[in-house]
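Notes follow once the structure below has been shown.
The values are calculated or read from the model by the stated rules, or taken from the named source; none is laboratory data. All of these numbers come straight from a predicted model, not from anything done at the bench. Cβ sites come from the backbone with ideal geometry, for glycine too, and all protein chains shown count toward neighbours. What goes into the accessible areas is simple: the full protein's heavy atoms, side chains included, and nothing from ligands, DNA or RNA. Shrake-Rupley method; radii C 1.70, N 1.55, O 1.52, S 1.80 Å.
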Amino acid sequence: SLPVEVMDRCIELTGGNPLALLHVCEALSPDQRKGRQPIEAVTTLPSRLAEVFAAKLAVLPAATLRALAAVAAGGGGERLADVLSVLGAAPADLAAAEAAGIVSFDGPPRLAHPLWSAAILDAVDPATRRRVHRALADHAVDADRAALHRAAAAERADEGVARDLDALAARLVA
């Protein structure tokens with residue numbers, strides 16, 4: 001149990017985000033836990049969380065990381081198996097991520113916390129990220145999602161992608 005002033009400072013640093021709060025409290029030194037040493041400013045929080053997330057992701061098999069990237073990029077739907085197949089992965093590859101508490105399966109796979117999405121997509125190289133988005137575009141359930149994924153997969157300016165995004169924007173404001 002932490003003293004009230006230590007808990008208040010942790011809540012202040014994390015904005016009350018439960019996952020961030022958990023990791024900040026775990027990272028406290030014994031003197032910080034007892035309130036004898038100040039807790040670092042919020043500017044160190046993102047890198048500390050990034051390090052925690054990166055460490056958890058670094059021990060996962062490559063296929064699991066590719067499968068997680070598909071989920072993180074919005075591919076938790078009914079065509080996930082097809083997307084994963086293109087990426088050299090399978091739904092079973094997500095088991096290691098489930099064991100690590102990164103993804104859950106109460107329905108389609110979903111990340112345990114939204115912060116995982118950025119960490120996962122940051123952990124894969126740009127070429128893999130583009131491959132993930134291309135696969136998601138090819139297996140999207142609707143044209144709007146396909147357009148967004150094609151845009152994320154683009155390596156350079158693409159007139160076709162630009163037209164699709166313009167059409168999507170027009171539909172959204174109509």
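General remarks:
- Conditions (1) among the hydrophobic types (A, V, I, L, M, F, W, C); (2) open to solvent by less than 30 Å² (accessible area, probe 1.4 Å); (3) not in a loop (DSSP other than H, G, I, E, B); number of the one not met by Ala127: (2)
- Against the list (1) crowded, with 18+ Cβ neighbours inside 10 Å; (2) without any contact (Cβ under 8 Å) to a residue 40 or more places away in the chain, the condition Pro61 fails is (1).
- Candidates Ala69, Ala92, filtered to the one that is touching a Ser or Thr at 6+ places or on another chain (Cβ under 7 Å) and either assigned to a helix (DSSP H, G or I) or surrounded by 19 or more Cβ atoms within 10 Å (Cβ to Cβ) (or both): Ala69
- Scanning the stretch 131-143 for residues that are in a helix (DSSP H, G or I) and either exposed (fewer than 15 other Cβ atoms within 10 Å of the Cβ) or on the phi > 0 side of the Ramachandran plot (or both) yields one hit, Ala143.
- Of all residues in the stretch 14-40, those satisfying the criterion of being farther than 20 Å from Ala55 by Cβ and within 22 Å of the chain's Cα centre (by Cα) are Gly15, Gly16.
- Pairing each residue of the stretch 152-174 that is without any contact (Cβ under 8 Å) to a residue 60 or more places away in the chain and open to solvent by less than 100 Å² (accessible area, probe 1.4 Å) with any residue that is among the aliphatic types (A, V, I, L, M) and not in a helix (DSSP H, G or I), provided the two are 6+ apart or on different chains, yields C-beta distances under 9 Å for Val161/Ala154.
- Selection of the stretch 111-124 for residues being open to solvent by less than 60 Å² (accessible area, probe 1.4 Å) and not in a loop (DSSP other than H, G, I, E, B) yields Leu111, Trp116, Ser117, Ala119, Ile120, Leu121, Ala123.
- Against the criterion of being open to solvent by 40 Å² or more (accessible area, probe 1.4 Å), touching an Asp or Glu at 6+ places or on another chain (Cβ under 8 Å), under 25 Å from Leu148 (Cβ atoms) and in contact (Cβ under 8 Å) with a residue 12 or more places away in the chain, Pro108 qualifies.
- Meets criteria (over 16 Å from Leu115 (Cβ atoms), open to solvent by 30 Å² or more (accessible area, probe 1.4 Å), modelled with pLDDT of 80 or more and hydroxyl-bearing (Ser, Thr, Tyr)) for Ser1: no
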